[in-house]
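Presented below is the structure to which this report refers.
Rule-based calculations on the coordinates, nothing more; no lab input. Since the structure is predicted, the reported quantities are computational estimates derived from the model, not experimental observations. Note: ideal-geometry Cβ built from the backbone for every residue, glycine included; neighbour counts use all protein chains shown.
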Amino acid sequence: MKKIVYVLLAAGFLAACGGSHKEEASSEKLTGAISIDGSSTVYPLTEAVAEEFKATAPEVRVTVGLSGTGGGFKKFGRGEIDINDASRTIKKAEDSTCKTAGIDFCELKVAFDGLAVVVSPENTWCADITVAELKMIWEPAAQGKIMRWNQIRKEWPNEEIHLFGPGVESGTYDYFTEAVVGKSHSSRGDYTASEDDNVLVQGIRNDKNALGFFGLAYFTENQDKLKLVAVNNGNGAVLPTEQTVKDKTYAPLSRPLFIYVSKKAAERKEVVEFVKFYLANTKTLTKDVGYIAMTDQEIEAEVAKFKAFIGETK
Amino acid sequence: MSKYNRNYIVDKTFQWFAIFCTAFGVLSLLLFLGNICFDGIGRINWQFMTSLPSRLPEKAGIISAFVGTLWILVLTAIIAVPVGVGAGIYLEEYAGKSRLFDFFEINITNLAGVPSIIYGLLGLEVFARLMNMGGSILAGACTLSLLILPVIIVATRESLKAVPKSLREASFALGATKWQTIRMQLLPAASGGIVTGIILSLARAIGETAPLIVVGALAYVPFVPTSPTDEFTVMPIQIFNWISRPQKGFAIDAAAAIIILLLITFVMNGIALYYRNKWQKKVKW
């Protein structure tokens, strides 16, 4: 109890002193608090980093919320949080909010996530699908029209198609519609939606005629219950694997995950150390939480970007 | 068929229908509880109760969420109970019939039906931003207090209404003032119903997620909150977070956390039952 009060006092003191005491602080133990919010997709990774960071800097209080990418950017634009987790890049409107509020920021890539297109193991016909076919199925005009498998490809059976996908509030939905339909947040409405991807897994595995999509990690954990569909973007059908997501041959359904660090927060020693720690450990921690790590060169590029942002030279 | 026979059959049919309704509720609850217990009971141990959240399901624990929920529970009760009971007493005992009174009454009843996320938005603007509380336990507790106030007010009023008129009149006849009558006769007589209302509304409050997330409750809190100004998380948020993770181990963690949350609710309901019985024995008229 007392200890925490001291930590708080110290945090307040450090914050009050600002940059002028930077030199002294660097030789001391790191203290302070870092508030992070944003995407629930990036959350597991940031949580893992925060957990490990606690082992090296036990007196820094790192808290992570999950208001969603959009909700997080709202707080970020008001200067209420230090770092925002984002499963997409910042939108124009959000960017201008930040500019008006005088919030300068640095966008850092931290990992990749693949979107898996899956069917039930009982589905014997669908092994690959083209992006054009996916668009045909999911675009708003398909509502009430594309209802059977043989409408998509002639040799597929004359059976009803049952669609499953994440709810419209999720970043996964935004990303899928952007990549497949061509316009973010636009798709047919007559599909089974759930905010909980585990519900989608259950729905698809028991339905021979189901087709759905969600984060690759949910497939990896349920490989015995689902069948992965290879996606053909004109260069042959590609299955999402660690390799194909990493080298971007699995396109367009792989996406980068980001953290946004505000300039003001990056003036604090503990935030700088946290972000460096994040980039240094993302490679190993990404695997633990089911995402796909960046290559060493990509990580180095992000580290260099961050160093330039805080005005640190090598 | 005689009239007697027909009535008998209708009577029996209704009885069976009522039994079916009861059994339906009880069985679905048992099925749900059985399922959760099967999944989660083996996970509950000292390590689970005292560990901070973690990316590894077998290392994760609920201490920060558990303590956060207790903080929220206690603070919400401290804020909502005096205000709610006070407002209920005023509306039932002091306020005269008037247009304004009708207006209040309709509003309070309607408030009980407002979706909880609306309270969250209100809490975010008023408590977290305007009053500068930020995403603290206090801001969360204030928001949940607003959420359960209508329920407490209505419960207080209904319980006061149920006190026999003779009791009131006898008290006045013996020369007691209005406050004395309320304090020594009406409140003790109505306390069973009021306490039940309070406990049920608090049980609702600890199950809420949406308004707290809006106000700024977090998901990863690597410390045990020690004051009302600390940031926090609560058990429903932790449970929701675990359930939506792909790794199987988190589903077990979630089941275990659900059992703990249910236990808190059971204990609270138990307390309500105990006090209702105790007070009802005391009050004789």
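Of B:S244, B:S116, the sequence from fewest to most neighbouring Cβ atoms within 10 angstrom is B:S116, B:S244. Dividing the summed -39500 (n - 2.57) terms of all DSSP H runs of n ≥ 4 by the residue count of chain A sets its mean residue ellipticity at 222 nm at -12000 deg cm²/dmol. Between helix A:171-180 and chain A there is an angle of about 50 degrees, using the helix long axis and the longest principal axis of the Cα atoms. Averaged over peptide A:59-65, the number of partner chain Cβ atoms lying within 10 Å of each residue's Cβ comes to 6.
With 23 Å as the limit, the listed pairs A:K227/A:K287; A:K92/A:K248; A:K283/B:K59; B:K97/B:K278; A:K183/A:K283; A:K91/A:K283 have A:K92/A:K248; B:K97/B:K278; A:K183/A:K283; A:K91/A:K283 beyond it between alpha carbons. Listed by chain and number, the lysines whose alpha-carbon sits under 17 Å from that of A:K154, ignoring those within fewer than 8 places in the same chain, are A:K135, A:K145. For peptide B:221-227, the mean count of partner chain Cβ atoms within 10 Å of a residue's Cβ comes to 5. With K and R counted +1 and D and E -1, the other residues having a Cβ less than 11 Å from that of A:L66 yield a net charge of -3. Shielding of peptide B:132-141 by partners, expressed as the average count of other chain Cβ atoms within 10 Å per residue Cβ, is 1.
Helices that extend 24 Å or more along their long axis by alpha-carbon positions and average at least 1.0 on the Kyte-Doolittle scale are, among the DSSP H runs of chain B, B:63-89, B:137-161, B:187-205. With neighbours defined as other Cβ atoms within 10 Å of a residue's Cβ, the residues A:F258, B:F172 order from fewest to most as B:F172, A:F258.
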